[in-house]
Amino acid sequence: MSDVEVEFYWRPGCGFCSALRRPLMASGLTVREINIWEEPGAAERVRAVANGNETVPTVIVGSTALVNPTFDEVQAAVAAESAA
């Protein structure tokens, strides 16, 4: 697969996060899970890319931020970052 890291921002109890986590974990991608309620600075990072909202899941791939993306959108961002 790719050596591009996927930063996966989530929080407990988020159904959309759980739905995205399943294909992410099965994909073979390098995923760093970041709980916005526990990781210092994580909620601020999400707010910075989500128009001031703590919308999760938020995924950051390189310089690309995706707010509540589909798995296909994450794969496309990884492919674009790998090609860069």
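Here, each number is a calculation from the coordinates, and none is a lab measurement. This one's a predicted model, so the numbers in the text were calculated from it and none came from an experiment. Using ideal geometry, Cβ is built from the backbone for each residue, glycine included, and neighbour counts are taken over all protein chains shown.
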Magnitude of the Cβ-charge dipole (Lys and Arg +1, Asp and Glu -1) of the chain about the Cα centre, nearest 20 debye, reported as 200
How much of the pair distance distribution for the chain lies past 19 Å, counting alpha-carbon pairs only, in percent? 29
For residue 68, what residues show an amide H to amide H distance below 5 Å, using hydrogens built from the backbone and excluding near sequence neighbours? 58, 59
Percent of beta bridges antiparallel (DSSP, region 5-83, rounded to nearest 5): 55
